[in-house]
1. Report, by residue number, each residue of the range 181-222 that is among the charged types (D, E, K, R), more than 12 Å from the ligand (Cβ to nearest atom), farther than 30 Å from Arg428 by Cα and not in a strand (DSSP E or B).
2. Using beta carbons and a limit of 7 Å, which pairs, at least six apart or on different chains, have the first residue in the range 380-402 and open to solvent by less than 20 Å² (accessible area, probe 1.4 Å) and the second one assigned to a helix (DSSP H, G or I) and within 16 Å of the ligand (Cβ to nearest atom)?
3. Considering only residues that are over 20 Å from Leu320 (Cα atoms) and among the acidic types (Asp, Glu), which ones fall in the range 353-393?
4. Kindly indicate which of Leu305, Leu292 is over 19 Å from the mean Cα position of the chain (by Cα), open to solvent by 20 Å² or more (accessible area, probe 1.4 Å) and among the aliphatic types (A, V, I, L, M).
5. Of all strands (runs of 3 or more DSSP E) completely enclosed by the range 1-119, which ones contain at least 3 residues that are open to solvent by less than 10 Å² (accessible area, probe 1.4 Å)?
6. Being modelled with pLDDT under 95 and either on the phi > 0 side of the Ramachandran plot or surrounded by 19 or more Cβ atoms within 10 Å (Cβ to Cβ) (or both): is that true of Ile142 here?
7. So which residues in the range 149-173 are closer than 22 Å to Thr194 by Cβ and in a loop (DSSP other than H, G, I, E, B), if there are any at all?
8. Can you tell me how many residues within the range 120-148 are assigned to a loop (DSSP other than H, G, I, E, B) and either closer than 21 Å to Asp262 by Cβ or touching a Pro at 6+ places or on another chain (Cβ under 6 Å) (or both)?
Amino acid sequence: MKILVIGTGYVGLVTATGLAELGHQVTAVDIDFKKINKLKKGIMPFFEPALKPLVIRNIQKQRLFFNINLKNFLDKSQFIFICVGTPPKRDGSADLKYIKQVVRVIGQNIKESKIIINKSTVPIGTGLIIKKIIKKYFPGEINVVSCPEFLREGRAVSDFFHPDRIVIGSDNQKAIELVANLFKKIKTEKLKTTLESAELIKYAANAFLATKISFINEIANLCEKVKADVQIVATGMGLDKRIGPSFLKAGIGYGGSCFPKDIRALKQIAGGNGYHFRLLKAVIEVNYFQRLVILKKIKLIYPRLKNKIVCVLGLAFKDLTDDVRESAAIEIIKKLIKQGAKIQAFDPQAMINAKKVLNYRIKYCQNAYEACKNAQFLIIATEWPQFKKLNWQKIKHLMKNDIILDGRNLLDKQKIEKLGFKYIGVGR
Ligand code: UDX
C-alpha cells in the first residue's frame, strides 16, 4: 500500500519505518529540511535502539522515502498518517495547531478520497474536527481513523512489531478494516471501535500507568515510615494477576514527553466536559512531590549545599533514551544548583540534550568515574542498567564521602552497604 506519514518525531519515524518493514511503500514528510536531509542519509534525529539499521534497510529496499514536500505526496498515497506533535498549552490542554495546519493542507490539496489516520495523542472529538476541516475544502468522501500509538521510547521498534494491541477507531467500518489490513502481519488483538473511544483509550492507558507509578511511590514513602521494603511489597502486589508486576517501580517520579503532558491534558479534557477528575489531580501532585522527597533526604544529611560536589548519574527521563523532556533528574539538578551545589553529571546518551536545557551550569563528565571524583554524595537519577555494573569499590575511593541516594532503587542495597557506603533508596 502507498502510505504518507506526516511528521518524523518519535511516533512518525517509528511508524513510517515499521510500516515500510511490513512491506508498504512509505513516504515520511516533515517541515524540518535539515532533519529530512539527514534522514535520507540514514542519520537519526534521536537515539532509539534498533531504529537506525531498520531505517537504512528500508531506504535501501526503496520502501522508505523522506521528503519535505507534503503537497506532492498527498495524491500519491491512499493512507495518510498524521503524527505531528500536540504540545501542551499553558492550561495543560493539548494544542492542536500543528494538526489543524496539516489537515488544512490535506483538505486544500487532495483530489480524491483518502483515509486519514491520526496517531498523535489528541483530545476526544479531534477526529471529527479533522473531518470538518477537510470537508470545508474537499467535497468527496473522507474517512478519519484514530489509531493511537502506545510505543515506549527506548523500546519503540519492538513495541511497533509486538504491541499488546492495535486500537482502530472510526465511524466507517470499511475504513477500519482497511487500516487493520495495513497491520495484518502483526499478530495481536485489533480492537475496532468508535473514534471517540479510540481517542480516549490512549489517554486512559497513560493515565492508568501514571496512577500505578504514583501509587507505588506513595507506598514507598509509607514503607520508609513503617520499615517495610517497597520492592518486596511491589513484588507481592504484582503476583496478583489483577494487578500485574509492571509499572510498580518506586523512584523519583515519572517524566518524559507523554505521561506528564497526557495526564494534565486528560484532567483538562474532563474539566472541559464538566467532570472533576479527582484522582488525576492527586496523581500529578504525588509525582511533583516525589522529586522533592530525595531533596529532603539530602537536606537531612547536608542542611547547606553551597559548594558541595554532587555526582548525578543519569540525566534522561528513563533508561535507553537521550530524551530529557520533563526528566526528574533535570528538575532535581536545577534545585540543587539553586542551593549552590556543584554538579558533576554523566549519562550514556542524554548529555547533548541536557546541555540544551542546563547549559554549562553543571560539569558534563566522560564517564561515571569522572563524575564521582571528590563528590560528597552521589544520586542515581536514571535507571540505566549499566550503572549497576560499575566498579563501586573504585567509586568509593574516588568519592569524598560515601553516600549514595539511589533514586531508582537500581543497586543491590546489601552489596553496596557491605562496601561501606551509606545507602539511601526509595522506600527501602
Ligand atoms: C509512555 C507509555 O508507556 C507509552 O505507552 C506511551 O505511548 C508514551 O508514554 P514513555 O514515555 O516512553 O512511554 O516511557 P515509560 O517507559 O512509560 O516510562 C515513563 C516514566 O515513568 C519514566 O520516567 C520512567 O522512569 C517512569 N517509571 C516507569 C517509573 O517511575 N516506574 C515504573 O514502574 C515505570
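1. Lys184, Lys185, Lys187, Glu196, Glu199
2. Ile380/Phe387; Ala381/Ala328; Ala381/Ala329; Ala381/Ile332; Thr382/Ala329
3. Within the range 353-393, just Glu370 meets the criteria.
4. Of the residues listed, the single one that is over 19 Å from the mean Cα position of the chain (by Cα), open to solvent by 20 Å² or more (accessible area, probe 1.4 Å) and among the aliphatic types (A, V, I, L, M) is Leu292.
5. By residue number, 2-6, 25-29, 79-82, 114-118.
6. In short, yes.
7. Result: Glu149, Phe150, Pro163, Asp164, Ser170, Asp171, Asn172.
8. Adding up the residues that qualify gives 8.
The values are calculated or read from the model by the stated rules, or taken from the named source; none is laboratory data. This structure is a prediction, so every number in the text was calculated from the model and none was measured. As a convention, Cβ positions derive from the backbone with ideal geometry for all residues, glycine included, and neighbour counts pool all protein chains shown. We work out accessible area using only protein heavy atoms, side chains counted, and drop any ligands, DNA or RNA first. Shrake-Rupley method; radii C 1.70, N 1.55, O 1.52, S 1.80 Å.
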